[in-house]
Amino acid sequence: MNSIIFAGKHFLTQCVRLHKHATWELVYCTGRSGRFIFDDLDIPYAEGDVVVIPPELPHENVSENGFTNIHLNIDSAMLPFHGPVLIRDDSSHALLHLFSDAYSLFCGDPERKAALLDAYGSLIVRCMAAYHTARPKNRIAEQIEQSIVHNYADANYDLDAVLHSMPYSYDYLCKMLRRELGMTPHKYLTNLRLQAAAGLLCSVRSSGSITEVAHLCGFRNPLYFSRLFKKRYGVSPKEYYHQKLEAQQPAAADSQKILLTE
């Protein structure tokens, strides 16, 4: 489910002739512009747009001046669309980073590909649904959100100082951000750090410690990190790590087990 079974790039191209896929196709335009032609619909697109195409839907991609893109084929994608849709990337180019990373993983080291590619597929699919339904964020909320996203791994990052530096009252910003983000800004920061920690615990391939994972994800206190992690995921970081290791390497779990210390 949500498995990326192919990732490719089109360098400067003017036409991809009529074809269809058995899987969902997601096409991120990385340069210039063009249009997708379907039986009863044309979708113009430009740089920064993603066109999402359901399985078995014939389509053609044309451009007078040429286009460049990254295209992914995702099997059994859990997407809510009944037809092709266009989704616009945000100002931080978050979708471009995801598509670029997925392409690099697909073409790169087989071990990292096996460990991470499905996770990227699930994340990209969720982003497609979220970006399609999301309303535009308040400009100030987006500015603060980007500050959190860019600095969450820094244990010295002071979110309260950022909020107090804005030309609005602290209480107003917290209420506004809760409305825009669906949670308080501090919980949003904590969730990002915990998600990053879960990702590290899934992908680690060498000896490490819970303390190191905590520090890499912006937590100063490893015990506090472990309590938050268990509350979020239902198991300790160490248990989570071993569960993921066994799931990724069922045949070699005993011979390749890696020591992770508290």
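The values are calculated or read from the model by the stated rules, or taken from the named source; none is laboratory data. Computed from a prediction, not measured in an experiment: that's the story for all the values here. All Cβ positions, glycine included, derive from the backbone under ideal geometry; neighbour counts span all protein chains shown. Only protein heavy atoms, including side chains, enter the accessible area calculation; ligands, DNA and RNA are left aside. Shrake-Rupley method; radii C 1.70, N 1.55, O 1.52, S 1.80 Å.
Computed values, structure above
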item: Over the chain: helical MRE at 222 nm, DSSP H runs n ≥ 4 each giving -39500 (n - 2.57), nearest 500; result: -14500 deg cm²/dmol
item: Cα Rg, Dmax, segment 65-111, angstrom units; result: 13.2, 39
item: At R0 = 22 Å, FRET efficiency that the Cβ-Cβ distance of residue 209 and residue 154 yields, to 0.05; result: 0.65
item: Net lengthening on full extension, residue 93/residue 65 (0.36 nm per residue, minus Cα-Cα); result: 7.8 nm
item: Stretch gain in nm, segment residue 123-residue 235, where the contour uses 0.36 nm per residue and the Cα spacing is subtracted; result: 38.1 nm
item: Packing-based order for 214-220, 232-238, using average beta carbon neighbours within 10 Å, highest first; result: 214-220, 232-238
item: From the C-alpha gyration tensor of segment 48-165, square roots of 5λ in Å; result: 30, 20, 14
item: Cα extents of segment 153-226 along the three principal axes, largest first (Å); result: 46, 22, 17
item: Label-to-label distance, nm, for residues given as residue 131 and residue 22 (7 Å Cα→Cβ offset); result: 2.8
item: Accessible area per residue, Å², the chain with all protein chains present, probe 1.4 Å; result: 55
item: Check: the chain dipole with +1 on Lys, Arg Cβ and -1 on Asp, Glu Cβ, in debye; result: 780
item: Computed label-point distance, nm, for sites residue 224 and residue 42 using a 7 Å Cα→Cβ extension; result: 5.8
item: Carbon and sulfur %, accessible surface of the chain computed with the full protein complex present, 1.4 Å; result: 53
item: Top positive-direction residue, dipole computed over the chain with Cβ charges, set 191, 54, 225; result: 225
item: Estimated D of segment 89-130 in µm² per second, where Rh is the Kirkwood radius over Cα pairs and Stokes-Einstein applies at 37 °C, 0.692 mPa s; result: 309
item: Virtual spin-label span in nm between residue 35 and residue 244, 7 Å along Cα→Cβ; result: 4.5
item: Cα long-axis angle, helix 94-107 against the chain (0 to 90 degrees, to the nearest 10); result: 80
item: Answer label, with semi-axes √(5λ) of the Cα gyration tensor in Å calculated from the coordinates and candidates (1) 31, 24, 16; (2) 25, 21, 19; (3) 35, 27, 14; result: (3)
item: Helix 222-233 vs. the chain, principal-axis angle (Cα, 0 to 90°, nearest 10); result: 50
item: Restraint check, 175/231; 113/187; 20/244, Cα-Cα greater than 27 Å; result: 113/187; 20/244
item: Full-stretch length increase - residue 82, residue 106 - with 0.36 nm per residue and alpha-carbon distance subtracted; result: 5.9 nm
item: Compactness relative to 2.2 N^0.38 Å, alpha carbon Rg of segment 98-156; result: 1.45
